[in-house]
Amino acid sequence: MESSAASVRSAAWPYVRMARVDHWFKNAFMLLGVFVAMFFDPSRISWSHGPVLLLALLSTCLVASSNYVLNELLDAPSDREHPTKRHRPAAAGLVRPSIAVVEWLLLAVVGLLLGLAVNPLFAASALALWVMGLVYNVPPLRTKELPYLDVLSESVNNPLRLLLGWFVVIPEIFPPVSLFIAYWMAGAFFMAIKRFAEYRQIGDPERAARYRGSFAHYDEERLLVSLFFYAVATSLFAGVFIVRYHLELILAVPLLAGFFTYYVKIGLKQDSPVQNPERLYRERGFVVYVGVCVAVVTLLMFSHVPVLYDLFNVEAAKTPALWVLE
């Protein structure tokens, strides 16, 4: 009996791995949407949002896992060209494609139904997240094979997660477009440096092109130039948000610039952990730095420093603050 149960677990485990539950932490990015919504309308926040937020997180995780299953299933041939991804269940031949397709659809249906239980706009955003998985992975579009579109189409998941968090709290108003685009460009920055680290690790342009079609166009120089573009675009749109909605955040700009610089430094390492962000916890200094950034930004989001508005000749937004520093 025990051997039979062990056999079932052994057979099921590759399908669990395809769902990448260990990547669910990425869905914490939707909490920024909750945080920003709380800043814009604190009256919306109450303990009653707790169960709804948990439901929303579960919905997002299941939809993301559906995309992961599809990604791994369709990427199996090219993953065999990658030094580490060739050990993934689909690439290693440990799963049956027909069962994986059922898993992909089941995760999507359950995730979207849970999203509908949150509210219609949340469900629409979850559906957009799932559709982008199709755009990114499925021919003839399969944008992951196209230079620059591969980065932009995958990183759009970041602002979609922002929407998911926002719509949990404020389901009838769209968040600031400047923040939406800044979050998208920041995601593109992270994705481009991941591409850079992958390209360097493979170390063979021909093999890299077999692994990912976009690598036939990329080289280290082009990827670094694209990093610069995404970082500048993030800064400009974040600046629009800061000036328009909360000038106090300008005090965090040096820290945030340091964050991007620190991430580039990690991305330049051999076998860089940016290829698998779940490994970044090993970078202890970076984890501490991120904690400081989060603490400072949180403090500034709910503070008011009138002297800054005089200094920069900017009219204060009408959003209430928790602390006023005269």
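The values are calculated or read from the model by the stated rules, or taken from the named source; none is laboratory data. Keep in mind that what you see is a predicted model, and the values were worked out from it rather than measured. Note that we place each Cβ from the backbone using ideal geometry, even for glycine, and neighbour counts take in every protein chain shown.
General observations
- Some residue of the range 184-192 being more than 28 Å from residue 270 (Cβ to Cβ), under 17 Å from the mean Cα position of the chain (by Cα), in a helix (DSSP H, G or I) and in the same structural domain as residue 246 (by TED's automatic domain parsing): yes
- Check on residue 140, surrounded by 14 or more Cβ atoms within 10 Å (Cβ to Cβ) and not in a helix (DSSP H, G or I): no
- With a requirement of 3 or more residues that are among the hydroxyl-bearing types (Ser, Thr, Tyr), the helices (runs of 4 or more DSSP H) lying completely within the range 1-118 that satisfy it span 2-18, 49-79.
- Annotation note: of 179, 121, 149, the sole residue that is within 24 Å of residue 69 (Cα to Cα) and either free of Cβ contacts under 8 Å to residues at least 12 places away in the same chain or not polar (S, T, N, Q) (or both) is 149.
- Scanning the range 113-147 for residues that are among the β-branched types (Val, Ile, Thr) and more than 14 Å from residue 55 (Cα to Cα) yields 131, 135, 138, 143.
- Conditions (1) in the same structural domain as residue 63 (by TED's automatic domain parsing); (2) modelled with pLDDT of 95 or more; (3) among the aliphatic types (A, V, I, L, M): number failed by residue 141: (2)
- Verdict on residue 193 being within 16 Å of residue 275 (Cα to Cα), β-branched (Val, Ile, Thr) and in contact with a Gly (Cβ under 6 Å, 6 or more places away or on another chain): yes
- Hits in the range 83-122 - residues which are in contact with an Asp or Glu (Cβ under 7 Å, 6 or more places away or on another chain) and among the hydrophobic types (A, V, I, L, M, F, W, C): 90, 91
- One residue from 198, 154 being assigned to a helix (DSSP H, G or I) and under 30 Å from residue 119 (Cβ atoms): 154
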